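The values are calculated or read from the model by the stated rules, or taken from the named source; none is laboratory data. Model, not experiment: these values are computed from the prediction. All Cβ positions, even for glycine, are placed from backbone atoms using ideal geometry, and neighbour counts span all protein chains on display.
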């Protein structure tokens, strides 16, 4: 395409953005208009993408980090022949593929759900890592960012990660239109301010003084493509609402359709129907053909003492040997999470993300998008740092494994800052998630294998201290199952536990049995989904459930148990033991006791229930 | 103190760190030893602090961002005469004030809970803002950071915030000991790498080539104190485990007591009992004396249509007029959250934090620590970004208000990335939190006044769209209360709703009444704590509860209702309506319908319960 044609294409993208928002009565046309030239030059001259084969391994990846500029993206898809003009008019309506912010669930060319700012570049880093270190295909990753989102720390985690990994297959395009949602950004049109920051993190920087100059943009793209050894950022000075005088560079118009759209379209030269022929990538071979050998899980002797985090590390290493698509990432605590075991055996598939949990999960998301099966690990407490990334991953339909170690007060002396006490609540509320919490090494190993085969976000909660192995190596632990560890015809109460509290529950049951009180004990290792059948049967037999968990009482095991009884049938009587205080430092045993979730507390709770029938 | 004495003091801090960890059998002495000289010079020559009056307004603030170096902090407190040597030996034991990571709950000189890395500097920025913009007292904020935590994006949000606000009363001390937990950091001893980054964000940078040279450190501190117009970072090249050959600069010793502590102490010159006289600050007057005028809340006419976010903005503005300690912070969406109303009326107490939700909550934490009553606002969905900061604030006993707008699918066209659907789960699981979710403007205004008087983390969930005002201006809405909006002696079912679903529940009740089915409707505006009495009475009368919420089914209103029935008494039959699908774009009404939480869905649910008595 000649320069004039590319400029015309950019005008078309503006016009179509205005038309879409006008039809919908909402949307972000002005944020689309500022980046129209960046997008036109990319599609016309630099992107390599086969729209008929979105699964083509050689396709470049494009991520719209400023997801609210979705009209621009859809307009570009139309220009590339992937969408019809009719479909553009369905923008933001019920059932349309063209959502307010793009999601992969609906459109095959969208790989990453965006709309929460500061996430597109971090995920793009993960994709670029996959391309460079694992797939070794020559695709480039292009990420279009807004300037406002450069205030997010996650952007600088991504910048650090990409700079350190020398990701020269990654280009960030920043639409510096100087206006955020409610007004000017911190740095306005000061391109130098952003360039200094990116350069400090090891990026090659290119400033484009006029982000609406096709030739200047084209030279910048060429320079980015020819830069070796470091990622490149193109900082383009643009005007929000560019091309329509009533909107151009004006405050107060964010997220609003352009007024008088017909006049605006007229001002932009009217409706066009240009087609852009996006260059198709060369044939590419997937080099990371998935080995799928026999999985030899570690086996443990009943009675041995092994921490579940250690069993996790051993099982993950075995899984990595069996499956070539399994990769691991850790937030600089691999010696604690035991991810370092995988690193030693499979260094080429291990990604050290340092203490940057948002980037940890974002990189895992990018690797998942590229077909890998990532396990990302940190302390359970610190995965809260990545909550918004986990949320967005679930919106994007991402499948990945997150593993949080050092669950609960049972970690002991380190104190509350290191204790995962809210992680079950976080992960249960994630749409379509699987939440697993093993109590022994054998179970952990099996659950690692199970979780790798689920879809969506799967979470495994591991413990710091050693626990006795109680299951034999041939037991099975399906997702959605549970284990009844004690039962008799005289059970007066059912104790539901998971993880460390399983062992406390067993001790309590044994002690109570000597006093003639029989309790059923259920190991609810699958916290989501829960084993409704077993819980309901226990409720029918014993009439009463006592849940005990090393977690806050809100959103954890106690609430999960309720999932079995919210269909309108009469629920059993319920008592919950959970961590209701703010712990300090103490030994693990002291912590469990102080929180009222140890064997003694369980036994006392059962006695109250049995002796008083109803505790008021 | 002479240089030699300061050097001796540093050795004492090392020795005491080793002794504490040895006694406890755990802890982080090597991370303490690298920063001992930084700490000794600070305490001996630059810190102004009255240990007998931690409430002195003129005291400098010291924040240990690398919270695991707590032995160093406690050793310094001992040297300053605030702790006894006996108490040092209680380190990390049950009941001790000397926890593994410092918390303000226990020690009067600790103002910020740390231990999750990358949080001390962000909170320090909030304290420095308070000092510079509000209190106008000449105190300095000193933050001791590790080099590992510079990988956290939150550090760069803080750097950006401090640089932009020209916080020359803030000094970051970075203990560049080159070793993280599991091995070397990305940049090792490359001080330039860090200096480039801080300089790019507008900081004055000082590199100290030998972070164990007392005089060099002293000059750096002097330079920091005399630097005007920008914050300063002192980057000190140090050795982890400094002074003990077996530990110095060695990997694999993070978080472990030093082996052979007696020999190590001998190597460091033995146990000392030096006292450091920390300089006391000059008398200071608190200039922000809290006005406590009459609160004139906005009033609304019953039947008017007003968004709860708008009522929030109006009530907050009124609260700010009545109370001089109320401050507001927003993440660059003040036009949406309506925090901009406060900004217009009280610009001197408004803090624009741009799109950096971690820094938003951290700054609010810092302002709270300094005695202000902050309201921090963003979309409910984006507050997930700050989850770990909220968690740590609760550990620190911080009182602050967080307000999340754009709750639920009811926002409509923007789609799932903008919908707060997990926020109730997040905030309910926060220890000691208060969670409020109003359904109309009048209620919102009252709850804003109520929440400002609570302790701990208080969360208010507001809605985007207009809702009818259903309460008169003289109604009261105590925390922990609820409103029974429909009731009769023939109620067959109780519908429990909050926020937008209250209006759907009322519509359903009215429609069902025409069919002869009476339902009780409860507005459970206080999601935590819940109104147990009213819920139990309703359960007794109607036998059955149907909860309906614009939130995921896990951790929200449905689970909250259960809190009233987990004491062992028989719970009522329960059915939960919640958002179980992944929404796309659609109108608000279409969204509520698609999610099965609109009036029609509620009526259908009630009919099933009534007609089938038990739904299986």
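Some points to look at:
- Residue match in segment B:79-88 (condition: modelled with pLDDT of 95 or more, out of contact with any helix residue (DSSP H, G or I) (no Cβ under 7 Å at 6 or more places or on another chain) and buried (at least 24 other Cβ atoms within 10 Å of the Cβ)): no
- Lone qualifier among B:479, B:527 - being touching a residue at least 24 places away in the same chain (Cβ under 8 Å) and not in a loop (DSSP other than H, G, I, E, B): B:527
- Residue within segment B:175-192 that is surrounded by 22 or more Cβ atoms within 10 Å (Cβ to Cβ), part of a helix (DSSP H, G or I) and without any contact (Cβ under 8 Å) to a residue 60 or more places away in the chain present: no
- The residues listed here are B:229, B:202; of these, the one that is in the same structural domain as residue B:68 (by TED's automatic domain parsing) and surrounded by 18 or more Cβ atoms within 10 Å (Cβ to Cβ) is B:202.
- Pair list, Cβ < 6 Å and 6+ apart or interchain, from segment A:484-504 residues that are at negative phi to residues that are surrounded by fewer than 20 Cβ atoms within 10 Å (Cβ to Cβ): A:488/A:518; A:490/A:518; A:491/A:518; A:492/A:610
- Filter result for residue B:140 (under 18 Å from residue B:48 (Cβ atoms), touching a residue at least 40 places away in the same chain (Cβ under 8 Å), more than 12 Å from chain A (Cβ to nearest Cβ) and more than 19 Å from the chain's Cα centre (by Cα)): yes
- Exclusive hit being in contact with a helix residue (DSSP H, G or I) (Cβ under 8 Å, 6 or more places away or on another chain), farther than 16 Å from residue B:311 by Cβ and part of a loop (DSSP other than H, G, I, E, B), set B:470, B:517: B:517
- Here residue B:612 passes the criteria (1) more than 29 Å from residue B:417 (Cα to Cα); (2) touching a residue at least 12 places away in the same chain (Cβ under 8 Å) except the one numbered (2).
- Here residue A:74 meets the list (1) on the phi > 0 side of the Ramachandran plot; (2) touching a helix residue (DSSP H, G or I) at 6+ places or on another chain (Cβ under 7 Å) almost entirely, failing just condition (1).
- Scanning segment B:15-41 for residues that are in a helix (DSSP H, G or I), closer than 14 Å to residue B:74 by Cβ and in contact with a strand residue (DSSP E or B) (Cβ under 8 Å, 6 or more places away or on another chain) yields a total of 2.
- Listed here are the strands (runs of 3 or more DSSP E) enclosed by segment B:194-313 that have at least 1 residues being within 14 Å of chain A (Cβ to nearest Cβ): B:204-208, B:232-237.
- Residue check, residue A:65 touching a residue at least 40 places away in the same chain (Cβ under 8 Å) and within 26 Å of residue A:241 (Cβ to Cβ): yes
- Screening segment A:69-109 for residues that are without any contact (Cβ under 8 Å) to a residue 24 or more places away in the chain and not in a helix (DSSP H, G or I) and picking the one that is nearest to the other protein chains (Cβ to nearest Cβ) gives A:94.
- For segment A:576-592, residues that are in a loop (DSSP other than H, G, I, E, B) and under 14 Å from residue B:99 (Cα atoms) total 6.
- Residue B:583 vs. criteria over 26 Å from residue B:418 (Cβ atoms) and either more than 9 Å from chain A (Cβ to nearest Cβ) or buried (at least 17 other Cβ atoms within 10 Å of the Cβ) (or both): no
- Of B:535, B:545, B:512, all but one fail to be farther than 30 Å from residue A:103 by Cβ, touching a residue at least 60 places away in the same chain (Cβ under 8 Å) and either more than 9 Å from chain A (Cβ to nearest Cβ) or not in a helix (DSSP H, G or I) (or both); the exception is B:512.
- Condition check for residue A:563: surrounded by fewer than 23 Cβ atoms within 10 Å (Cβ to Cβ) and in contact with a helix residue (DSSP H, G or I) (Cβ under 9 Å, 6 or more places away or on another chain): yes
- Yes/no for residue B:133 being outside any loop (DSSP other than H, G, I, E, B) and either at negative phi or not assigned by TED's automatic domain parsing to the domain that holds residue B:14 (or both): yes
- Segment A:599-616, subset surrounded by fewer than 18 Cβ atoms within 10 Å (Cβ to Cβ) and at pLDDT 95 or above, residue farthest from the other protein chains (Cβ to nearest Cβ): A:600
- Of all the residues in segment A:515-529, those that are out of contact with any strand residue (DSSP E or B) (no Cβ under 9 Å at 6 or more places or on another chain) and buried (at least 22 other Cβ atoms within 10 Å of the Cβ) number 0.
- Restricting attention to segment A:545-564, the residues being farther than 22 Å from residue B:422 by Cβ and at pLDDT below 95 number 0.
- Selection status of residue A:238, touching a helix residue (DSSP H, G or I) at 6+ places or on another chain (Cβ under 7 Å) and under 30 Å from residue B:334 (Cβ atoms): yes
- Every listed requirement among (1) more than 8 Å from every other protein chain (Cβ to nearest Cβ); (2) touching a helix residue (DSSP H, G or I) at 6+ places or on another chain (Cβ under 6 Å) is met by residue B:554 save one, (1).
For every residue, the table says whether it meets (1) at pLDDT below 95; (2) at the interface with chain A (Cβ under 9 Å from one of its Cβ atoms); (3) surrounded by fewer than 21 Cβ atoms within 10 Å (Cβ to Cβ).
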{"residue": "B:541", "(1), (2), (3)": "no, no, yes"}
{"residue": "B:571", "(1), (2), (3)": "yes, yes, no"}
{"residue": "B:574", "(1), (2), (3)": "yes, yes, no"}
{"residue": "B:589", "(1), (2), (3)": "no, no, yes"}
{"residue": "B:597", "(1), (2), (3)": "no, no, no"}
